[in-house]
Amino acid sequence: MSFCHGLRLLYSQLPLFSRELNRPWCRYVSSSLALSSEKRASDFNSFVPRTNTCGELRSAHVGQEVTLCGWIQYQRQGLFLVLRDFQGLTQIIIPQDEAHSHVKKVLYDAPVESVVRVTGTVTSRPPGQKNPRMPTGDIEVKVKTAEVLNSCKKLPFEIKDFIKKSESLRMQYRYLDLRSFQMQLNLRLRSQMIMKMREYLCYLHGFVDVETPTLFKRTPGGAKEFVVPSREPGKFYCLPQSPQQFKQLLMIGGLDRYFQVARCYRDEGSKPDRQPEFTQIIDVSDVFRNVEIGFVQNAVNKPQGTVKAICIPQGARHLQNKDFEALKESAKSQFNQEVLHLILKPDESLKSPLRKFLSEEQQSELIKALKVQADDVVLLAAGEHEKVCLVLGNMRLESANLLELRGLVLRDPTAFHFLWVVDFPLFLHKEENPAELESAHHPFTAPHPSDTSLLYSEPAKVRSQHYDLVLNGSEIGGGSIRIHNAEQQRFVLETVLKEDPELLSHLLEALKSGAPPHGGIALGLDRLICLVAGAPSIRDVIAFPKSFKGRDLMSNAPDYITPEELEPYHIQVAWPAAEAEANKN
């Protein structure tokens, strides 16, 4: 059932829903929801000293006296200004007659981005002066009174969407960036989506919204956690990198349909999280098995070695040598992986440094395997299977970005393609120590029923009951069926993962207390809204985001605190020698 279909079904069932729930608060909720389902304009002007927003006046309002509040977007020649608020723009006519000289001076002297309140009469614009590009372009407001509520200093950038600003500058002055129409749209869309989710889950399917603690304890496995000192010597809280354990404990407690818009705190860098696809990866190991190239031979002779390639259709028509060099440098710096490129010329010969190592037969075999055509570009990598897939996946996305910068339309922002990914391995070999295993998802994921016996003999071969939801190539959610047997959970922790089960003694005790089979899923709300809004980065749908390195550029957090402030927590900072010397000075 689609989300939108679910909402329509919810509203259609409201009469039945309200008959079955007789408690006063239930009657209030159901009647409020029924009211919200009617198509009516939001009352943006309640509780404020204005009659209208700057985006709603039309020809039908001509002759009315209105009061508007907003920021000055433009001011031209002392004749008119454009007032802006969250909903739009309205042109204001500054009076020129002597009787309103005070009003003229107030508005003429007010700097751009000052906050003003004006009262005046809505009039039609003169013939030939209407602006069809503005929703309010048929009217203007002749001002009678005006007040500057707060004057504005010179700002670091103009509040106009067409003005290009670096992301770091936008984040440093986020309170200004939030005034832009695009950020206003993104955050209001986010609010509406979350509200619809709550209505759908609570009123139609009986879910309960439960808040879980922010301060918890360290969890084995999973992402790196933030540590919070306590006033007890040597004891620390951890910010939960996922409310996973609380989900399980709530289900054990009988809240089998629980949801939460939760914060997850992970001590790791952020990413733009835009990963749409435009072509596939293809294995060409057999073609290169007898090719005398050192790094290729090293790859194909290893158990997990492979040679893979992706094809960029018509890439040679749009990409230049500097683009190929940039792609290679990215692969080298991010993955320490060599990437080579090949071009099929119109005469069906290959243009590549590899050509001299390939026989005519091998070249023909490669062209056939990749199904390349004239002017197609092939990116090729050799190495361990997982690493090669990662680097070529990254190259695919970077290539798409380069092609779209050249004007090609590869990704339709209005199309939504969903995909479920299943049958993940339950465990992976640790990169730093392949003899040991780690959880592919998290240590509470249940093994696939068909593979349960392998858990105790060959755990590396066990599939998990883990599932991911992908939208337009970007993972937006993931979840699993959880282990509900205490002994099986203890075996996974203690024997397979070599973790101390006492760290999770509270969960193990709960699982012994009649825990039902249970599972769940967590949606990455930021990623989902990013895709729906068509934003290039999740930071564009978060009011106050952190930078790629986890810093708040607006407040400059994290920041230093003094030894005196650390004293109640029994902590001393061990400074590196250079910083210690600098702090002395």
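The values are calculated or read from the model by the stated rules, or taken from the named source; none is laboratory data. What you are looking at is a predicted structure, and each value in this text was computed from that prediction instead of being measured. Glycine also receives a Cβ, built like all others from the backbone with ideal geometry; neighbour counts cover every protein chain displayed. We work out accessible area using only protein heavy atoms, side chains counted, and drop any ligands, DNA or RNA first. Shrake-Rupley method; radii C 1.70, N 1.55, O 1.52, S 1.80 Å.
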Cross-chain or 6+ apart pairs with Cβ under 8 Å, the range 459-470 first and in contact (Cβ under 8 Å) with a residue 12 or more places away in the chain and outside any strand (DSSP E or B), then crowded, with 18+ Cβ neighbours inside 10 Å and β-branched (Val, Ile, Thr): 459/496; 465/445; 465/481
Can you tell me which residues in the range 521-558 are open to solvent by 20 Å² or more (accessible area, probe 1.4 Å), over 12 Å from residue 186 (Cα atoms) and touching a helix residue (DSSP H, G or I) at 6+ places or on another chain (Cβ under 7 Å)? 527, 544, 553, 554
Selection within the range 549-585 - at pLDDT 80 or above, in a helix (DSSP H, G or I) and not aromatic (Phe, Trp, Tyr): 563, 564, 565, 566, 567, 568
When you check residue 200 against the structure, is it touching a Ser or Thr at 6+ places or on another chain (Cβ under 9 Å) and either open to solvent by 70 Å² or more (accessible area, probe 1.4 Å) or within 30 Å of residue 86 (Cβ to Cβ) (or both), yes or no? no
Identify the single condition in (1) surrounded by fewer than 12 Cβ atoms within 10 Å (Cβ to Cβ); (2) in contact with an Asp or Glu (Cβ under 9 Å, 6 or more places away or on another chain); (3) at pLDDT below 85 that residue 420 does not satisfy, given that it satisfies every other one. (3)
Has the range 432-449 got at least one residue that is modelled with pLDDT of 95 or more, assigned to a helix (DSSP H, G or I) and open to solvent by less than 60 Å² (accessible area, probe 1.4 Å)? no
If residue 299 satisfies every condition in (1) modelled with pLDDT of 80 or more; (2) buried (at least 18 other Cβ atoms within 10 Å of the Cβ); (3) among the small types (Gly, Ala, Ser) but one, which is the exception? (1)
Lone qualifier among 126, 132, 156 - being within 18 Å of residue 88 (Cβ to Cβ) and free of Cβ contacts under 8 Å to residues at least 40 places away in the same chain: 132
Keeping to the range 475-495, report how many residues are among the aliphatic types (A, V, I, L, M), open to solvent by 10 Å² or more (accessible area, probe 1.4 Å) and assigned to a loop (DSSP other than H, G, I, E, B). 0
Filter the range 475-492 for residues that are at pLDDT below 95 and among the aliphatic types (A, V, I, L, M) and give the result. 476
Quick one: how many residues across the range 306-346 are under 22 Å from residue 356 (Cβ atoms), in a loop (DSSP other than H, G, I, E, B) and hydrophobic (A, V, I, L, M, F, W, C)? 1
Yes or no: residue 217 touching a residue at least 24 places away in the same chain (Cβ under 8 Å) and of a type outside the set (A, V, I, L, M, F, W, C)? yes
Out of the range 129-160, which residues are under 24 Å from residue 96 (Cβ atoms) and open to solvent by 70 Å² or more (accessible area, probe 1.4 Å)? 129, 130, 142, 144, 145, 147, 149, 151
Can you run down the residue pairs with Cβ atoms below 6 Å, 6 or more apart or on separate chains, where the first is in the range 553-576 and in contact (Cβ under 8 Å) with a residue 40 or more places away in the chain and of a type in the set (A, V, I, L, M, F, W, C) and the partner is part of a loop (DSSP other than H, G, I, E, B) and open to solvent by less than 70 Å² (accessible area, probe 1.4 Å)? 553/547
Residue 230 passes all but one of (1) open to solvent by 70 Å² or more (accessible area, probe 1.4 Å); (2) among the small types (Gly, Ala, Ser); (3) touching a strand residue (DSSP E or B) at 6+ places or on another chain (Cβ under 7 Å); which number fails? (1)
Within the range 347-399, can you find the residues that are in a strand (DSSP E or B) and open to solvent by 80 Å² or more (accessible area, probe 1.4 Å)? 351, 384
Is the range 402-413 home to any residue that is out of contact with any strand residue (DSSP E or B) (no Cβ under 7 Å at 6 or more places or on another chain), more than 30 Å from residue 219 (Cα to Cα), modelled with pLDDT of 90 or more and not in a loop (DSSP other than H, G, I, E, B)? yes
Identity of the residue in the range 41-87, farther than 14 Å from residue 115 by Cα and of a type in the set (Phe, Trp, Tyr), that ends up surrounded by the fewest Cβ atoms within 10 Å (Cβ to Cβ): 47
Among the residues in the range 116-124, are any open to solvent by 10 Å² or more (accessible area, probe 1.4 Å) and within 35 Å of the chain's Cα centre (by Cα)? no
